[in-house]
Structures are given as C-alpha cells and as structure tokens.
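Here the structure is laid out as structure tokens; the discussion comes afterwards.
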Amino acid sequence: MKCKPRKARLLMGVGAFVLFASVTIPRNLWAQEMTIVVNKDVPVSELSADQIYDIFTCIKTTWDTGDQINFVILEEAGALEGFTERYLGQSATQFIRYWKKMIFTGKCNIPPSFKTREEIFEFVQSTKGAIGFVSGPAAPSVKTVKVK
C-alpha cells in the first residue's frame, strides 16, 4: 500500500516524537525520586546499593543490632519497576519470579506488599526493623535512608 505524502509525513513525525520521547522522557518520572525509608528505631542513616540488594533479596535478614529486617514492597505502578531496575538490576517480573522461587523453596517468607505509599509509611512506622521504598518524598512518620 502506498502512503500519500501528507500521511507519510504525519507518520514520520509521530514516529520521530515517539523515539524522542522514549529517549528523553523517563518511563516513570517518580521512579527517578526513589526514597528508601526505615522505621525510626532502625540504627542506619545510609545504605549502599549492595546492602539494599542484599536486604530485598533475602541475603541479609538482620540489622547489625541483631533485629530482624522486615522489608515491604510497594506495588504502585512504576515504583516497583523503578526500584528493581535501579537497586536490584532486574525487572519487576524477574524480581517477582525470584521471590516465588524463594518462597517455594522455603528460604524466605512472603514479604508484605501494599498498593499505596501511605500503607508503606504506616507499615514501616509501626513495624520494628521495617524498611521499604516509595516513589517521591518520605512522610515525617518514617526515617529516610541515604543511598551511598
């Protein structure tokens, strides 16, 4: 089928815009502002990306004080994908597949997961040893952890 010149120019323009947008506009603007939050009693103020990886993959299960680490997952659209890509080097699908394997083999328990930032803040605030992630800034009820 032969395109008319006007239609061809329109299609090329749309294609160029989509290509430009995919390169310059992040998939999820909030994902760039990913915040790690902990219960205010957790004695850390910063964590390395490797430590975050170890915590969320069940390699590290206790804080240096011996307290149990209780991590929580945010299911909010884009936030989980942004977190897993940035700190775990995998897609959200790969992360979920990994956790299904860990649970099936009995190596770890199912981590709690919530759909909203507010639920994450509530869980982290009220749970000893809790750590989670949110897109955007933290609430005053939890402590923000710097990632080094």
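The values are calculated or read from the model by the stated rules, or taken from the named source; none is laboratory data. Because the structure is predicted, anything quoted here is derived from the model rather than measured. Using ideal geometry, Cβ is built from the backbone for each residue, glycine included, and neighbour counts are taken over all protein chains shown.
Quick one: Thr84 ticks every box in (1) surrounded by fewer than 20 Cβ atoms within 10 Å (Cβ to Cβ); (2) touching a Phe, Trp or Tyr at 6+ places or on another chain (Cβ under 8 Å) except a single one, so which number is it?
(1)
Of everything in region 18-40, what is farther than 17 Å from Lys148 by Cα and modelled with pLDDT of 95 or more? Give them in sequence order.
Answer for region 18-40, where residues must be farther than 17 Å from Lys148 by Cα and modelled with pLDDT of 95 or more: Asn39, Lys40.
Checking Val124 against (1) of a type in the set (Val, Ile, Thr); (2) surrounded by fewer than 18 Cβ atoms within 10 Å (Cβ to Cβ); (3) within 21 Å of Gly66 (Cβ to Cβ): exactly one of these is not met. Which one?
So the condition that Val124 fails would be (2).
When you go through Gly66, Gly129 one by one, which is the residue that is within 20 Å of Val145 (Cβ to Cβ), of a type in the set (Gly, Ala, Ser) and surrounded by 18 or more Cβ atoms within 10 Å (Cβ to Cβ)?
Gly129 is the lone residue from the list that is within 20 Å of Val145 (Cβ to Cβ), of a type in the set (Gly, Ala, Ser) and surrounded by 18 or more Cβ atoms within 10 Å (Cβ to Cβ).
Is it the case, given these coordinates, that Pro43 is surrounded by 15 or more Cβ atoms within 10 Å (Cβ to Cβ) and closer than 15 Å to Gly129 by Cα?
no
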